[in-house]
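Please treat every number below as a calculation from the coordinates, not as lab data. A quick note: this is a predicted structure, and the numbers were derived from the prediction, not measured. Neighbour counts are summed over all protein chains in view; Cβ atoms, including those assigned to glycine, are modelled from backbone coordinates with ideal geometry.
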Amino acid sequence: MRRDTLIAFLLVLGIHIGVAMVPKTTAKRAVVEDDGPVIKIVIPPLPPPDEPEKEQEQTDTPIVAPPALADIPTTVPVDAFVTPVEPPPPSSLNLGNVNINVERANLKNVKIFDLADLDQIPAARFQAQPQYPPEMRINGTTGTVRVGFICDAEGHVQEAHVVSSSGSNELDQAAITAVSKWIFKPGRKGGHAVNTRMEVPIAFDLNGDS
């Protein structure tokens, strides 16, 4: 029995000694580890794997050339080359002098005043320039035409005529044609527009034309 007790005592003593020795070894190991420098190794993160490039989708619409037009003979109507005949101009239209006759007031049995009898003499609103006849210009023909006319109550010229000739019928006619196109503010007598007898000289000069 004493032998068993001794073995048990030795076993318990060994356990206590082992337990006592464990912390000291750990502490010593810790101390040893603390004596050396600590080196930290930082590993950078790996880059993400490259994504495979997507093939560019072809979105261009294919160009389709229009079909060539076939040479088809066409028939042109005969009327396409026929110019319609215009009706003749009215008799009142003078194409030579580009003069259109304007309906004038009737001066029959109407009193006509002289300039000296008026309260207000006619004032010109439009005066067409006489056209120097080309032949007379080439020949150097000059002269002065005195044209008489009546300015009616509406301001139009009537009964234009030659009072004093230039010696050339062409110059006289050119002067009458121009004066016939003139327009006036009519003369007035007693507050009313009246018909007035007037005369104007038209000179044809090569230096200043007419």
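Between the alpha-carbon centres of segment 117-160 and segment 180-210 there is a gap of 6 Å. Subtracting the Cα-Cα distance of Ile15 and Gln173 from 0.36 nm times their residue separation leaves 40.8 nm of extension gain.
Under the convention that each Lys and Arg Cβ holds +1 and each Asp and Glu Cβ holds -1, the size of the dipole of segment 107-204 around its Cα centre is about 240 debye.
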